[in-house]
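What follows is calculated from the coordinates using simple rules that are stated; it is not laboratory data. Not measured: the values here are computed from a predicted model. Here Cβ is always computed from backbone atoms with ideal geometry, including for glycine, and neighbour counts include all displayed protein chains.
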Amino acid sequence: MDLLKSVFIMITSLIAGIFADKSEIAQKPDGHTIAKQTLYDFKVKSLVGEKTVDLSKYKGKKVVILNVASKCGYTKQYADWEKFNKEHGDKVVVLGFPANNFGGQEPGTSEEIATFCSKTYGVSFPMFEKVSVVGDDQAPIYKWLTTKELNGWNDKAPTWNFCKYVVNEKGELTNFFASKILPTDPEFLTAVGI
């Protein structure tokens, strides 16, 4: 029964993702509800070494959270995000979360993912353990990012790989960008203050 449920969720996510607007943008409205949590309330495991990372270490910096995958049409964005990280990493921190929710496009182990990212794209921004970004087993950080009652305004969940969430220097969620949006797009650069 669990296998059938997992297959159903994967197929439903795949169909929804295929037809989703990959150019969608959302911004925190003025006069929003106060968030119950901030980014700083979360601890996550690193991709390699499984070290616990307290995300409060990013206080005072803007943060971009990406759900990534190695076998996706958007995988080439790793190069864009690495370039962005090298040019603006002192002001904006990029955090990658591998996820296998969309079309089974991140099937690898932590070691395989780390090797792929390093060898293929030279990824040096922080990467964390593979998580689920949608569904019943959604990781707590993605539950926060996608639940209006927790983050104060947003209910947009990733519809495919390489969706982006921008968090301000206070740990508050401020923007959502769908898969097609690149770090060079004007809307994104405005959101991160560059």
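Values as computed for the structure displayed
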item: Value of D in µm² per second that Stokes-Einstein yields for the range 2-191, Kirkwood Rh from Cα pairs, at 10 °C (1.306 mPa s); result: 95
item: Potential extension, E112-E24 segment - 0.36 nm per residue separation minus Cα distance; result: 28.6 nm
item: Calculated FRET value between K43 and K86, using beta carbons and R₀ = 22 Å, to 0.05; result: 0.25
item: Inter-site label distance for E187 and D155 at 7 Å from Cα along Cβ, in nm; result: 2.0
item: Long-range HN-HN contacts of M127 with modeled amide H, under 5 Å; result: L47, G96
item: Note, ³J(HN,Hα) from phi for the range 53-63, Karplus 6.51, -1.76, 1.60, rounded to Hz, x at Gly and Pro; result: 10, 7, 5, 5, 5, 9, 4, x, 10, 6, 10
item: Estimated vicinal HN-Hα couplings, Hz - the range 149-157 in sequence order (Karplus 6.51, -1.76, 1.60; Gly, Pro = x); result: 5, 9, 9, x, 7, 9, 10, 7, 8
item: Amide H within-cut-off set for T174, under 5 Å, with H built and near neighbours excluded; result: V166, V167, N168
item: Fraction of antiparallel bridges per DSSP, the range 2-191 only, in percent to nearest 5; result: 60
item: Peptides ranked, highest mean first, by Cβ atoms within 10 Å: ranges 169-178, 134-143, 51-60; result: 169-178, 134-143, 51-60
